[in-house]
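K.L.:
Sending over a structure as structure tokens; questions will come in a sec.
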Amino acid sequence: MTVSRIVILGGYGNFGKRIATSLSDIKGITIIIAGRNAHKAQTLCNELSSQKVNSRYEAAVIDIYSADFTDHLSALSPDIVIHTGGPFQGQNYRVPEAAISIGSHYIDLADDRRFVCDITSLNTRATRNNVLVVSGASSVPGLSSTLIDHFYTQFSQLDEIDFAIAPGNKAEVGEATLKGILSYTGHPFRVFKNSRWVNEYGWMSPRKICFGKTLGKRWLANIDIPDLELFPARYPSVRTVKFQAGVELPLLHFTMVVMAFLARIGLVKDWSVFTKQIFQSNKLFKRFGTDAGGMQITLSGTDNSQQSKEIKWTLCAENGVGPYIPTISAIILTRKFIDGSLTTTGATPCLGLYTLEEFDRESASLGISQTHAGAA
């Protein structure tokens, strides 16, 4: 299948515009910036086309919730559909199902646990139509699993996966991303801890860890992501999988912790209904903090000589490039579709579809630094 037309749903949004920009060096492709706002779509097309680019840009008006969405998508004749239009919490599979029905590959940046983990329900239909449907092509589980796969062979037994993400306060955070987080703030979700499935609560259990000299120590709290369910199955020896994220400013971080407590005791049912108000109030604090963020994964277990082993990998993104990180998995997969190196079909979470070396090549121009301690 020759790939020449790529539709980015939510193409002028926080992540979509970064994907569109990053793919601009590829000759012979047309990138369709699609969304409900014609003016925003056309403005970004004009902006990108005015630069020195190899790709061609088009704008399209499309609403994933409209009754004739599939017909509108089909009219764009995409070879790949990249879905960035979150929040994915509560979304059904109408977008990937539409892509399958018109014979288009599909990639999304979903971080919702059920959306990503259950995407395999579309496997038979995707295989029958000879397309690949990938969910979670983002920081998690796309990059996180790629990193763990890279170091996994250095362990005879991997006991614990402990990872965290700490964005800078000045980094762009979309309203959809915030709504997704608020939807489970203070609500329980299952985690694999000491070989048992137990409940943790969104945005609770605060702790502080060091992300290295540049970022220093950052506060974290519980976040629900697909990896918490996918990794115990992918790495059978693992006994504990832990993930947390945080807000750089302690005032905002602990405001979220208090909000989580209020939800847990039942005083607030769902904080996501206040997304617009909270999103606007957060803008008042954007001049504080930094634009530097990071990601850290600590792997603990036994090495191949039966000695205790710990590997700690840390990524640091400065100068406001942090929001590019969630897009890199989708960009890598799109490039692999275009050059013909990705030929898998079916429907799957983003696991095992690219290597750490491919991530390094794609991220090199962004100035992202990586360090790891304890690796052979």
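K.L.:
Out of all the residues in the stretch 73-132, which are in a loop (DSSP other than H, G, I, E, B) and touching a strand residue (DSSP E or B) at 6+ places or on another chain (Cβ under 8 Å)?
P.N.:
Residues of the stretch 73-132 that are in a loop (DSSP other than H, G, I, E, B), as a first pass: 76-79, 84-93, 102-104, 109-112, 129-131.
Scanning the stretch 73-132 gives 76, 77, 78, 79, 84, 85, 88, 104, 109, 110, 131.
K.L.:
Taking the stretch 101-115 as the search range and keeping residues that are crowded, with 24+ Cβ neighbours inside 10 Å and of a type in the set (A, V, I, L, M), which one is nearest to residue 230 (Cα to Cα)?
P.N.:
110
K.L.:
So which strands (runs of 3 or more DSSP E) are wholly in the stretch 133-242 and hold at least 1 residues that are of a type in the set (A, V, I, L, M) and within 20 Å of the chain's Cα centre (by Cα)? Reasoning before the result, please.
P.N.:
Values: elements: 155-166, 188-193, 196-201, 207-210, 217-222.
Once the strands (runs of 3 or more DSSP E) in the stretch 133-242 are filtered for at least 1 residues that are of a type in the set (A, V, I, L, M) and within 20 Å of the chain's Cα centre (by Cα), what remains is 155-166, 188-193, 217-222.
K.L.:
Mind counting the residues in the stretch 195-231 that are β-branched (Val, Ile, Thr) and either within 19 Å of residue 88 (Cα to Cα) or not assigned by TED's automatic domain parsing to the domain that holds residue 251 (or both)? Show your work before the answer.
P.N.:
Taking the stretch 195-231 and keeping what is β-branched (Val, Ile, Thr), we get 198, 209, 214, 223, 225.
Right, trim to either within 19 Å of residue 88 (Cα to Cα) or not assigned by TED's automatic domain parsing to the domain that holds residue 251 (or both) and you get 223, 225.
So the count comes out to 2.
K.L.:
Determine the pairs where a residue that is touching a residue at least 60 places away in the same chain (Cβ under 8 Å) and closer than 12 Å to residue 291 by Cα, located within the stretch 313-334, has a partner that is assigned to a helix (DSSP H, G or I) and of a type in the set (Lys, Arg) with Cβ atoms under 8 Å apart, the partner being 6 or more residues away or on another chain.
P.N.:
Note: pairs meeting the criteria are 323/18.
K.L.:
Being assigned by TED's automatic domain parsing to the domain that holds residue 253, of a type in the set (Phe, Trp, Tyr) and either surrounded by fewer than 15 Cβ atoms within 10 Å (Cβ to Cβ) or in a loop (DSSP other than H, G, I, E, B) (or both): is that true of residue 288 here?
P.N.:
Yes; evaluated as a whole, the condition is true for this residue.
K.L.:
Picking from 281, 341, 308, which residue would you name as being surrounded by fewer than 21 Cβ atoms within 10 Å (Cβ to Cβ) and modelled with pLDDT under 95?
P.N.:
Details: 341 fails: modelled with pLDDT under 95; 308 fails: modelled with pLDDT under 95.
None of the others qualify; the one that does is 281.
K.L.:
Which residue, of 177, 240, 146, is of a type in the set (Ser, Thr, Tyr) and either in contact with a Ser or Thr (Cβ under 6 Å, 6 or more places away or on another chain) or modelled with pLDDT under 95 (or both)?
P.N.:
The unique qualifying residue is 177.
Conditions (1) modelled with pLDDT of 95 or more; (2) surrounded by fewer than 21 Cβ atoms within 10 Å (Cβ to Cβ), marked per residue:
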| residue | (1), (2) |
| --- | --- |
| 323 | no, no |
| 330 | yes, no |
| 336 | yes, yes |
| 346 | yes, yes |
| 353 | yes, no |
| 356 | yes, yes |
| 363 | no, no |
| 368 | no, no |
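K.L.:
Can you say whether residue 190 is surrounded by fewer than 17 Cβ atoms within 10 Å (Cβ to Cβ), at pLDDT 95 or above, out of contact with any Phe, Trp or Tyr (no Cβ under 8 Å at 6 or more places or on another chain) and among the basic types (Lys, Arg), as far as the supplied structure shows?
P.N.:
No; evaluated as a whole, the condition is false for this residue.
K.L.:
So which residues in the stretch 8-64 are free of Cβ contacts under 8 Å to residues at least 40 places away in the same chain, farther than 17 Å from residue 86 by Cβ and either part of a loop (DSSP other than H, G, I, E, B) or not assigned by TED's automatic domain parsing to the domain that holds residue 361 (or both), if there are any at all?
P.N.:
Across the stretch 8-64, the qualifying residues are 27, 28, 50, 51, 52, 53, 54, 55.
K.L.:
Quick test for you: out of 65, 57, pick the one residue that is in contact with a Cys (Cβ under 6 Å, 6 or more places away or on another chain) and either of a type outside the set (A, V, I, L, M) or within 22 Å of residue 94 (Cβ to Cβ) (or both). Let's see the steps before the verdict.
P.N.:
On the way: 65 fails: in contact with a Cys (Cβ under 6 Å, 6 or more places away or on another chain).
Just a single option satisfies the conditions, and that option is 57.
K.L.:
Consider only pairs whose beta carbons are under 6 Å apart and that are at least six residues apart or on different chains; among these, list those whose first residue lies in the stretch 87-115 and is assigned by TED's automatic domain parsing to the domain that holds residue 351 and among the aromatic types (Phe, Trp, Tyr) and whose second residue is assigned to a loop (DSSP other than H, G, I, E, B) and surrounded by fewer than 17 Cβ atoms within 10 Å (Cβ to Cβ).
P.N.:
Between residues of the stretch 87-115 that are assigned by TED's automatic domain parsing to the domain that holds residue 351 and among the aromatic types (Phe, Trp, Tyr) and residues that are assigned to a loop (DSSP other than H, G, I, E, B) and surrounded by fewer than 17 Cβ atoms within 10 Å (Cβ to Cβ), there is no close pair.
The values are calculated or read from the model by the stated rules, or taken from the named source; none is laboratory data. Since this is a predicted model, take the numbers as computed values, not measurements. With ideal geometry, Cβ positions are generated from the backbone for all residues, glycine too; neighbour counts draw on all protein chains shown.
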